[in-house]
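Working notes for the structure below.
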Amino acid sequence: MTSNADAGGAGRAATKDDPRRVAFDLLRAVSRDNAYANLVLPQLLSHRGLSSRDAAFATELGYGTLRMRGTLDEIIAVAARRDLSRIDAGVADVLRLGAYQLLCTKVAVHAAVDTSVSLARSTCGHKPAGFVNAVLRKISQRSSGQWLDSLETGDDLADTAREYAHPQWIVRSVRASLPDREEAIDALAANNVPPQVQLCARPGKVTQAQLVDEAGGTPGRWSAHTVTMSGGDPGDVPAVVEGRAHVQDEGSQLVAEALTRPELGGTDDAWLDLCAGPGGKTAMLGALAVQRGAHVTAVEVTAHRATLVERATLGLPVTVHCADGRTFEPGTRFDRVLADVPCSGIGALRRRPEARWRREEQDLLDLTALQEELLAAAVRLVRPGGVVAYVTCSSDLRETRDICSRTEGVDFLDARTFFPSGMPDLGAGPAVQLWPHAHGVDAMFCALLQRKGT
């Protein structure tokens, strides 16, 4: 549970420009306003004008605390002798931030406690500051391992969920997909390792080698279009500014490209992205379409996300429709259809630190009906002999394998053959399940379905 974060300005009084104050404001936005951390933090960092070192420290504290929240809350509840629901919300966030520094970073005990007390005093008042001091000093008396040992119940599910900071239902889900216990543990652990930013070199717009030079990164592990940044702001990369590249996880690039690889008999010039927002996969399809003489129709049900798709695909052969993919009826059929359906998103937990605590199992169960309807629409909209890629950013069997198993009128292609040769651990087929621990990408699922008939 230890990171490489250092003191990050220990000893200073908490100000709005302090990295700890930035991290605290991030926690408050997520807790109070139900905000998305990946949208709020860049704004905070920009407005506060932190040095690159302090910005990195604020990011580590904010994202790390959000990621470990469930485990931290259990420890705080014991140390405070009360449930978190009985603690003022702002004070609770100060405690989480302090506990994270004590248990998960190399910040010195006195620095973690003293700066947290100062932060509590400046944001919550003098009386809460004394409470924060007492609770954090109690927490500091044990290491993270000792706290976990003291909280063990003998229930393997509960103890694993606590140790790796996941809700129990997600642990069950991962275990169902990865029956080997050690591999399931590896998958959970990988969700706690923040990923590096990856770029997609748009085919025909910029080569991978050119983008490596511009971004100062390294080639992706699998895709010929991926560049992994070693640091810096992707918004400063000329290719990104000019629309020759965009930010996108390598796994998303692989599943989008897989749709374009099966050979088709007959026409191959009409492609459809049925759930296009925010447009990363649509942009890649659009760039590939240029090289193949094809045109992409993009459908997005939400107006503001449809606008994002338009911006992402500017200059590409893409037409955007703001419509519900389930009822979309253009009067024609398509050769290839991407159904990148709304899902639980548990395949991208390493990128969205607060998501694991926001999602509940019932959310997933509610989504499966929508996923099934969208896949049925994709099959309806593809021509006989055409191919549908059913894609989710999830590893849960209920929104991956099970949805596909109920689909009629299709043959399943072996999707593994349309991923890079030599890529290991793609599963038993015919669908592909990617994993952070095995492939270094988000846990994307991809099934390729070919519509029957002539």
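Answer yes if at least one residue in the stretch 166-176 is touching a Lys or Arg at 6+ places or on another chain (Cβ under 8 Å), open to solvent by 20 Å² or more (accessible area, probe 1.4 Å) and charged (D, E, K, R), and no otherwise. The answer is yes, given that some residue of the stretch 166-176 is touching a Lys or Arg at 6+ places or on another chain (Cβ under 8 Å), open to solvent by 20 Å² or more (accessible area, probe 1.4 Å) and charged (D, E, K, R).
Entry remark, the stretch 427-454: residues being closer than 14 Å to SER177 by Cα, out of contact with any Pro (no Cβ under 9 Å at 6 or more places or on another chain) and crowded, with 20+ Cβ neighbours inside 10 Å number 7 in total.
Please go through the stretch 92-120 and pick out each residue that is farther than 14 Å from ASP18 by Cβ and over 28 Å from the mean Cα position of the chain (by Cα). Correct list: ALA108, VAL109, HIS110, VAL113.
Hey, among the residues in the stretch 317-342 that are outside any strand (DSSP E or B) and farther than 19 Å from THR307 by Cα, which one's nearest to the chain's Cα centre (by Cα)?
Taking the stretch 317-342 and keeping what is outside any strand (DSSP E or B), we get 317, 323-333, 341-342.
Imposing the further condition that a residue be farther than 19 Å from THR307 by Cα reduces the set to 326-327, 329-333.
Numbers: ARG326: 25, THR327: 28, GLU329: 31, PRO330: 32, GLY331: 35, THR332: 34, ARG333: 32 Å.
Only one residue fits best here, namely ARG326.
Annotation note: of GLY422, GLY386, GLY429, the sole residue that is over 16 Å from ALA256 (Cβ atoms) and either in contact (Cβ under 8 Å) with a residue 24 or more places away in the chain or part of a strand (DSSP E or B) (or both) is GLY386. All conditions but one from (1) among the acidic types (Asp, Glu); (2) outside any helix (DSSP H, G or I); (3) modelled with pLDDT of 95 or more apply to ASP6; the one that does not is (3).
The C-beta contact set for the stretch 255-280 (first residue more than 17 Å from GLU300 (Cβ to Cβ), second residue open to solvent by 10 Å² or more (accessible area, probe 1.4 Å) and part of a helix (DSSP H, G or I), distance under 6 angstrom, 6+ apart or interchain) comprises ALA258/PHE418; THR260/LEU288; ARG261/PHE418. Taking residues in the stretch 434-454 that are at positive phi, and partners anywhere that are basic (Lys, Arg) and open to solvent by 10 Å² or more (accessible area, probe 1.4 Å), the pairs with Cβ atoms closer than 9 Å and at least 6 places apart or on different chains are GLY440/ARG221; GLY453/ARG383. For the stretch 215-230, the criterion of a residue being surrounded by 20 or more Cβ atoms within 10 Å (Cβ to Cβ) and assigned to a helix (DSSP H, G or I) is satisfied by at least one position.
Set side by side, the residues THR123, THR65, THR59 differ, and just one is of a type in the set (Val, Ile, Thr), within 24 Å of the chain's Cα centre (by Cα) and either open to solvent by 20 Å² or more (accessible area, probe 1.4 Å) or more than 22 Å from ARG350 (Cβ to Cβ) (or both), which is THR59. State which residue is surrounded by the fewest Cβ atoms within 10 Å (Cβ to Cβ) when the search covers only the stretch 357-387 and only residues that are among the basic types (Lys, Arg) and at pLDDT 95 or above. Looking at residues that are among the basic types (Lys, Arg) and at pLDDT 95 or above, I get ARG380.
Among the conditions (1) of a type in the set (Ser, Thr, Tyr); (2) open to solvent by 10 Å² or more (accessible area, probe 1.4 Å); (3) in contact with a strand residue (DSSP E or B) (Cβ under 8 Å, 6 or more places away or on another chain), TYR390 misses just one, which is (2).
The values are calculated or read from the model by the stated rules, or taken from the named source; none is laboratory data. Note that the structure is predicted; figures quoted are calculated from it, not measured. A quick note on method: Cβ atoms are made from the backbone with ideal geometry, for glycine too, and the neighbour counts reach across all protein chains shown. Quick note on the areas: whole protein, heavy atoms, side chains included, nothing else; ligands and nucleic acids left out. Shrake-Rupley method; radii C 1.70, N 1.55, O 1.52, S 1.80 Å.
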